[in-house]
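Structure record follows, encoded as structure tokens.
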Amino acid sequence: MQAGKLYELTIHEAHELLRSRQISSLELTKSVLMRIAEVDGSVRACVTVAEDAALQEAKKVDHYINAGQEISPLAGIPVLIKDVICTRGIRTTCSSKMLENFVPPYDATVVERLKAQRAVILGKTNMDEFAMGSSNEHSAFFPTHNPWDLSRVPGGSSGGSAVAVSTDEALYALGTDTGGSIRQPAGFCSVVGLKPTYGRVSRFGLVAFASSLDQIGPLTKDVTDCALVMNAIAGHDPRDSTSACHPVPDYTRHLVPDIKGLKLGIPREYLVEGTQPEVRAALEKAIDRLRELGADIDWDVSLPHTKYGLAAYNIIAPCEASANLARYDGVKYGYCAGSAGSVIEATERTRQLGFGPEVKRRIMLGTYALSAGYYDAYYLQAQKVRTLMKQEFDRAFEKYDALVTPTSPTVPFKMGDRLDDPMAMYLADVCTLPVNIAGIPAISIPAGFAEDRSPSPGSGPGQGLPIGMQIMGKPFDEGTLLRIAFAYEQATYWHKRRPPI
Amino acid sequence: MARLTRLGLSEEEVERCSLQLSNILDNFDILRQVDTSGVSPATHIIPQQGVLRDDVVVDSCSLAEVLSNAPSQEDGCFTVQAILE
């Protein structure tokens, strides 16, 4: 391994080299920081890089290794964290002007858990403001670019995290997923992204968007790394009453390349109108591969309530957001536009200047849907439809071990294409959001490439646009998802391809 | 509506927003087609039990940490504008 290319390593590869003292954490961290300096000017995945703190932590880990101490799988490994998760002493902005200078006085539980493993925290990744968006174009600071084609979006809202992993700016990253915000960018950038079961990972220290939907999860270069990160972050936390007491398995035990006899259903509603032919073709090929590996495939599956998912999500998420974002009033923390005029005038000015257009749109929508006279028609009806969708999944999982769909109906779209049309933007999440509505886990893994029909100069021959495959599972059955994903990954090379940057 | 949200929207923003909102709201009508008679609303999508813990005092942030991000503070308190006129 060339010293300059250490950033290309996966977690499990780097761990072996660290443990056997073939490399040091300092060398690895320096290599990744160099990679950030090299490519981040083009892709803009990072909001904050905490170089000094990262180098210091790396030296500490090396000290432990040199003293002959056993190290945990994430020790000394550089990670980037989505900028919606609190990091003590490192600015946490939610890519919003409202929190541009907010420095959390405490760590989120997931950050504490990574630190307990002696992970090297490099900094924070860009996102759609307050995680509201599907393209990273709603960041108040700057958009992030897709490394497979810089004129296209990386997906969102964890776009920065997905791009960072795809371009080797970190060995892995944490993201959050409210309607697809881990899986959709993972699919758009050709990395692995897992949304765990609602309650599987503590959300203490996560800035809330839609509390009944939000989950934290890993974005990694391969499925093995995904299992390793899950081992670190999953589990009950007394500080998050929605976190589950359900026992946490050793996820690496599910990394067996054997899916013989597993029953996989392909729900036809997920090949919605508007699914690009390339996406459908890639999915069919991937499913053929799963069949060759011994899975029992059933194409004749229907989840008829799927078509209500988008409408239900677009009520529930903004309603919860309008309540969660009421706290930004410029008093306790965050942006404050000054105290001229009445208290109401001052609050309005702070929120007018602190929030961007998409955040305002969702606060408006949520406030409207929750207001007197509309509550029953919108919020209550959406929550009832949610029950029906959950029951439909429960029935499907009596018959199938997992369900397989595209992660998104399209390949990454051009920047600016959907910015003025919120409904078109929301469609990007149509395959992923039913998972959040039902609280179940799902993983997106690389499943092929579509040839770029309008290649840009420098994109090189054979470089297409990534296509993701989504696998959905039963509550707390992340293990089966990892097993299917691992078996598929071992039989393909998609995860080995790197973007032309 | 705009007043309720305390967003201080400009006239132009209100106009653009209401157009986009009515587009989005049209999409909600599809939900009314669903027969939900006898269906209870989903409050906890993954059932949870035993979330109560003993009421024990534990360490939290110090006063200085709590105030460290305050736009304005005085004598160890957040400064708030006069509410009564």
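Data for the structure
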{"quantity": "Hits in the stretch A:419-453 (condition: within 14 Å of another protein chain (Cβ to nearest Cβ), surrounded by 20 or more Cβ atoms within 10 Å (Cβ to Cβ), modelled with pLDDT under 95 and part of a loop (DSSP other than H, G, I, E, B))", "calculated": "A:ASP429, A:VAL430"}
{"quantity": "One residue from A:ARG361, A:ARG280 being within 20 Å of A:ASP429 (Cβ to Cβ), at the interface with another protein chain (Cβ under 8 Å from one of its Cβ atoms) and of a type in the set (D, E, K, R)", "calculated": "A:ARG361"}
{"quantity": "Hits in the stretch B:1-21 (condition: more than 18 Å from A:TYR379 (Cβ to Cβ) and in a helix (DSSP H, G or I))", "calculated": "B:GLU11, B:GLU12, B:GLU13, B:VAL14, B:GLU15, B:ARG16, B:CYS17, B:SER18, B:LEU19, B:GLN20"}
{"quantity": "Sole residue being under 22 Å from the mean Cα position of the chain (by Cα) and of a type outside the set (Phe, Trp, Tyr), chosen from B:CYS61, B:CYS77, B:CYS17", "calculated": "B:CYS17"}
{"quantity": "Pair list, Cβ under 9 Å, 6 or more apart: the stretch B:36-60 residue farther than 22 Å from A:ALA438 by Cα, other residue among the aromatic types (Phe, Trp, Tyr)", "calculated": "B:SER60/A:TYR106"}
{"quantity": "Residue selected from the stretch A:217-254 under the condition in contact (Cβ under 8 Å) with a residue 40 or more places away in the chain and among the polar types (S, T, N, Q), by the criterion farthest from A:GLU489 (Cα to Cα)", "calculated": "A:THR242"}
{"quantity": "Residue match in the stretch A:140-155 (condition: within 27 Å of A:ASP429 (Cα to Cα), in a helix (DSSP H, G or I) and at pLDDT 95 or above)", "calculated": "no"}
{"quantity": "Odd one out for A:ILE315 among (1) within 9 Å of another protein chain (Cβ to nearest Cβ); (2) surrounded by fewer than 15 Cβ atoms within 10 Å (Cβ to Cβ); (3) touching a residue at least 60 places away in the same chain (Cβ under 8 Å)", "calculated": "(2)"}
{"quantity": "Condition broken by A:SER95, with the remaining ones in (1) assigned to a helix (DSSP H, G or I); (2) of a type outside the set (Asp, Glu); (3) under 26 Å from A:PRO422 (Cβ atoms) satisfied", "calculated": "(1)"}
{"quantity": "In the stretch A:473-486, the residues that are closer than 16 Å to A:ALA227 by Cα and in contact with a helix residue (DSSP H, G or I) (Cβ under 8 Å, 6 or more places away or on another chain)", "calculated": "A:GLY473, A:GLU478, A:GLY479, A:THR480, A:LEU482, A:ARG483, A:ILE484, A:ALA485, A:PHE486"}
{"quantity": "Of all residues making up the stretch A:369-383, the number that are charged (D, E, K, R) and buried (at least 21 other Cβ atoms within 10 Å of the Cβ)", "calculated": "0"}
{"quantity": "Residue count, the stretch A:362-416 (criterion: out of contact with any helix residue (DSSP H, G or I) (no Cβ under 8 Å at 6 or more places or on another chain) and in a strand (DSSP E or B))", "calculated": "1"}
{"quantity": "Qualifying positions in the stretch A:375-402 - among the aliphatic types (A, V, I, L, M) and more than 9 Å from chain B (Cβ to nearest Cβ)", "calculated": "A:ALA396, A:ALA402"}
{"quantity": "Count of the stretch A:98-139 residues which are crowded, with 24+ Cβ neighbours inside 10 Å and in a loop (DSSP other than H, G, I, E, B)", "calculated": "12"}
{"quantity": "Residue check for A:LEU388: in contact with a His (Cβ under 8 Å, 6 or more places away or on another chain) and either surrounded by fewer than 21 Cβ atoms within 10 Å (Cβ to Cβ) or without any contact (Cβ under 8 Å) to a residue 12 or more places away in the chain (or both)", "calculated": "yes"}
{"quantity": "Close pairs (6 angstrom Cβ cut-off, 6 or more residues apart or separate chains): within 14 Å of chain B (Cβ to nearest Cβ) in the stretch A:173-198, aliphatic (A, V, I, L, M) and in a loop (DSSP other than H, G, I, E, B) anywhere", "calculated": "A:THR178/A:ALA210; A:THR178/A:LEU213; A:LYS195/A:ILE182; A:TYR198/B:ILE45; A:TYR198/B:ILE46"}
{"quantity": "Extreme residue, farthest from the other protein chains (Cβ to nearest Cβ), among residues of the stretch A:324-348 that are modelled with pLDDT of 95 or more, assigned to a helix (DSSP H, G or I) and buried (at least 16 other Cβ atoms within 10 Å of the Cβ)", "calculated": "A:ASN324"}
{"quantity": "Strands (runs of 3 or more DSSP E) (entirely within the stretch A:156-273) containing at least 3 residues that are surrounded by fewer than 24 Cβ atoms within 10 Å (Cβ to Cβ)", "calculated": "A:263-267"}
{"quantity": "Filter result for the condition that a residue is of a type in the set (A, V, I, L, M), under 30 Å from A:MET98 (Cα atoms) and surrounded by 15 or more Cβ atoms within 10 Å (Cβ to Cβ), over B:ILE83, B:ILE46, B:ILE24", "calculated": "B:ILE24"}
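Residues are listed down the side, and each one gets a yes or a no for (1) in contact with a Cys (Cβ under 6 Å, 6 or more places away or on another chain); (2) facing another protein chain (nearest Cβ under 7 Å); (3) charged (D, E, K, R):
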| residue | (1), (2), (3) |
| --- | --- |
| B:GLU11 | no, no, yes |
| B:VAL14 | no, no, no |
| B:ASN27 | no, yes, no |
| B:THR43 | no, no, no |
| B:SER68 | no, yes, no |
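The values are calculated or read from the model by the stated rules, or taken from the named source; none is laboratory data. Bear in mind that the values here come from a model prediction, so they are computed numbers and not experimental data. Cβ sites come from the backbone with ideal geometry, for glycine too, and all protein chains shown count toward neighbours.
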